[in-house]
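What follows is calculated from the coordinates using simple rules that are stated; it is not laboratory data. Because the structure is a prediction, the values reported are computed rather than measured. Using ideal geometry, Cβ is built from the backbone for each residue, glycine included, and neighbour counts are taken over all protein chains shown.
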Amino acid sequence: MGKRNLEKLSLIYDKRQKDFVVKYPLRCDGALILNHLVSDVLKHKVIKEYPNQFDVFNLKDELELRGYDLSTLKFSIELKSIEETEK
């Protein structure tokens, strides 16, 4: 089993668990990526129709509608090093 990178935020679909798995250096970053990629996001409508003034957008559902296989989803991003941040 590989060693976990503590400087990398990643999200994958685990076929054994049949669910998404998030690895993160900071808990708040893990929550951010999981909530934005796989949960519902409310978008305000320009044309207001009472009482529904919001559309629900779900990236996961949208990708499935477009024919993508979510079991192949892999996302990762690394933290900047301290030297890069100070520039």
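Cross-link pairs exceeding 25 Å in C-alpha to C-alpha distance, out of Lys8/Lys43; Lys23/Lys43; Lys18/Lys45; Lys15/Lys60; Lys8/Lys45; Lys18/Lys43, comprise Lys8/Lys43; Lys23/Lys43; Lys18/Lys45; Lys8/Lys45; Lys18/Lys43. Distance between the pseudo-spin-label points of Asn52 and Asp19 (7 Å out from Cα toward the beta carbon): 3.0 nm.
Relative to the Cα centre, the charge distribution of the chain, modelled as +1 at Lys and Arg Cβ and -1 at Asp and Glu Cβ, gives a dipole magnitude of about 260 debye.
Quick check: pseudo-label points 7 Å beyond the Cα along Cα→Cβ at Leu26 and Lys80, how many nm apart are they? Here the modelled spin labels are 1.3 nm apart. Helix 27-38 and the longest principal axis of the Cα set of the chain meet at an angle near 40°.
Relative contact order of the chain, please, whole-number percent, based on alpha carbon pairs below 8 angstrom and at least 6 residues apart.
On the way: 98 pairs, mean separation 28.8, N = 87.
Relative contact order comes out at 33 percent.
With the convex hull of the Cα atoms taken as the outline of the chain, the averaged projected area works out to 9.3 nm².
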